[in-house]
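All remarks here apply to the structure that follows.
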Amino acid sequence: MKIDDNIIKHYLKNVFFITGTAYSGKSTICKMLADKFGLYHCGENYHSDISDEIAIPAHQPNICYFKTMKDWQEFVNRTPEEYERWIYESGREVAEFEVTELIRIAQSQKVIVDTNIPIDILRKIVDYHQVAIMVSPQAMSVEKFFERNDPDKIFIKEQIMKAKDPEKTMANYRECIARVNSKEHYDEYVQSGFYTLVRKGAEKDTKTDTLEMLAKHFGLIGEESIYISTERLYIRPFEENDFEQFKTLLDLYPGWKMQKGHDRQFFEWHLSNYGKMDIENGYICLGIFQKDTDKLIGNIGLNEHDDLHIPEFGYGILEVYRGKGYAKEAAKAALCWARSYFDIPYLIGTAEVNNIASRKVLEHCGFEFESVKNLKVHIENERYDFATYKYLF
C-alpha cells in the first residue's frame, strides 16, 4: 500500500521541520521554539526506540547495521564512502518511521522536529512555511565533533582509542564526518529553495534573533508575511522605505525604463498589488536583497503574461551583480515558496530564444522546455521569438 503525498501533507499540517548540517544550532533552536510556544518537541532520533525495535535487515538494512556489524572496530574503521552511504540511506529508511510517528503525535498539537527526512521527500509532503534549513561550515562540523559532552560521541571516541592505530583511525573517522558534511551535501541544503539560515561562527551567533526569525517563518508570531531566506539573499515585498533602491531597477526592462518619469507612481502601484496577491490577473513584484549588505540587487516577478494570459514567473538581476549565481539562488527559493502560496497548477517562464543565460536559470530551477513562440511585448508593441517553459506545481 502506498499513501499519496497529498494525504500525508494534510496530516502533517501541524508539524514544523528543522534540518541541515551538524553544528548549525538545530537542536538548540528546536528546544527553544518548543519551550517558548508550547510545541511538542521531537529531538534528533526521537523515533529510534520504535525504528530500532521494528526494523528488520531485509527491509531496513542500514537501520539494522548495529545489529549486524561484527564489532565497533568495524564501525569506526569503515571507509568514508561506506559511512556516507550508510548515513544517507539510513535517513531514507528512517523517513517512513518519522512520518508515521509525526502523524500520530500531531493530530491534537503543534510539533517542532529536528529531522533527518531527506529534502526531496520534505518537498512532496509539507509546505514551504513548515521547513527551515540551518547550516554551518564544514570545518565546524569536523573540528568540533568530539567537543560536545555527548554520550554517543564519547563512546565512539573510546572505541577509536582502542584501535590498533588510534591516530590513523581518528583521521579516517574525521574524514567520514567530512564526507557527510561535504560541500555537495551543504549545497543540497542551501540550494533546496527552502527557508535557509547560515551559521557563520560561534562568536556571531544570536539565538534570540534566530528564534524570532524562525518563529515568524513558521507563523508562530505576528501576521502572515512573505520573507524568503536563502544562503546569501532574502526576498520580500517592497516597503515604503525601499523607494530609492527600487529606482535602481528601472533599467532592467524596456517597459520599466518608460516609467522613469513616473517612478513614484510606478512604485506605489507595486505596493498596491500586495493587497490582492493575484498573479492570474495581476502582477506581484518581490525585491531580492543581499543579506550581508541589505542592498537591493534585483526582483522576482509573478504575473499574468500579457500575450498568453496565464501566470508567468520572471526575474531580473542588476548587471553589477550578475555572474555570481544570484539569479538561480533567488529563483529557486521563490518558486519553492510560490508552490505553497498559490493554488494554481503551474507557472510558465519565457526567455528570448538567444538569451541562453536566462534559459539556463529556468532549466536549473526545474522549468521544462515546451516550444518557441512568437509573442507580443505589448509595452513595445513588437513581437519576438521566445522559448517558453512550464514549471509544474
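The values are calculated or read from the model by the stated rules, or taken from the named source; none is laboratory data. Values in this document were obtained by computation on a predicted structure and should not be read as measured data. Using ideal geometry, Cβ is built from the backbone for each residue, glycine included, and neighbour counts are taken over all protein chains shown.
Yes or no, residue by residue, for (1) surrounded by 14 or more Cβ atoms within 10 Å (Cβ to Cβ); (2) at pLDDT 95 or above:
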| site | (1), (2) |
| --- | --- |
| Val320 | no, yes |
| Lys373 | yes, yes |
| Glu382 | no, no |
| Tyr389 | yes, yes |
ask   = Within the set of pairs 6 or more residues apart or between chains, which connect a residue that is touching a residue at least 60 places away in the same chain (Cβ under 8 Å) inside the range 238-258 to a residue that is surrounded by 15 or more Cβ atoms within 10 Å (Cβ to Cβ) and polar (S, T, N, Q) with Cβ atoms less than 7 Å apart?
value = Leu249/Asn299
ask   = What is the one condition in (1) within 17 Å of the chain's Cα centre (by Cα); (2) under 30 Å from Ala327 (Cβ atoms); (3) not hydrophobic (A, V, I, L, M, F, W, C) that Asp114 does not satisfy?
value = (2)
note = Scanning the range 171-196 residue by residue, the ones that are of a type in the set (Gly, Ala, Ser), buried (at least 20 other Cβ atoms within 10 Å of the Cβ) and at negative phi total 1
task = Report whether or not Lys144 is touching a residue at least 40 places away in the same chain (Cβ under 8 Å), of a type in the set (D, E, K, R) and exposed (fewer than 12 other Cβ atoms within 10 Å of the Cβ).
result = no
task = Looking for whichever is assigned to a helix (DSSP H, G or I), modelled with pLDDT of 95 or more and not hydrophobic (A, V, I, L, M, F, W, C) here; the options are Asp120, Asp152. Which one fits?
result = Asp120
remark   = The number of residues in the range 257-281 that are surrounded by 14 or more Cβ atoms within 10 Å (Cβ to Cβ), not hydroxyl-bearing (Ser, Thr, Tyr) and not in a helix (DSSP H, G or I) is 3
key: Residue list for the range 47-61, restricted to those being surrounded by fewer than 18 Cβ atoms within 10 Å (Cβ to Cβ) and under 26 Å from Tyr189 (Cα atoms)   = Ser48, Pro61
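Every residue, every condition in (1) over 14 Å from Leu302 (Cα atoms); (2) at pLDDT 95 or above; (3) not assigned by TED's automatic domain parsing to the domain that holds Val377; (4) not β-branched (Val, Ile, Thr), yes or no:
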residue: Glu240; (1), (2), (3), (4): yes, yes, no, yes
residue: Phe243; (1), (2), (3), (4): yes, yes, no, yes
residue: Leu249; (1), (2), (3), (4): yes, yes, no, yes
residue: Pro254; (1), (2), (3), (4): yes, no, no, yes
residue: Met258; (1), (2), (3), (4): yes, no, no, yes
residue: Gln265; (1), (2), (3), (4): yes, yes, no, yes
residue: Glu268; (1), (2), (3), (4): yes, yes, no, yes
residue: Ser272; (1), (2), (3), (4): yes, yes, no, yes
residue: Ile284; (1), (2), (3), (4): no, yes, no, no
task = Could you give me the residue pairs with C-beta distances under 7 Å whose first residue belongs to the range 16-42 and is at positive phi, whose second residue is assigned to a loop (DSSP other than H, G, I, E, B) and surrounded by fewer than 21 Cβ atoms within 10 Å (Cβ to Cβ) wherever it lies, and which are 6+ apart or on separate chains?
result = Tyr23/Lys144; Gly25/Arg199; Gly25/Asp205
query = Take the residues of the range 111-141 that are over 19 Å from Ala334 (Cα atoms) and not hydrophobic (A, V, I, L, M, F, W, C): which is surrounded by the fewest Cβ atoms within 10 Å (Cβ to Cβ)?
reply = Pro118
ask   = Just wondering, is there one or more residues in the range 322-335 that are among the charged types (D, E, K, R) and touching a His at 6+ places or on another chain (Cβ under 8 Å)?
value = yes
query = Across the range 311-368, which residue is farthest from Glu188 (Cα to Cα) among those that are among the hydrophobic types (A, V, I, L, M, F, W, C) and assigned to a strand (DSSP E or B)?
reply = Ala351
ask   = Taking the condition over 30 Å from Glu81 (Cα atoms), under 17 Å from the mean Cα position of the chain (by Cα) and not in a loop (DSSP other than H, G, I, E, B), does Ile226 pass?
value = no
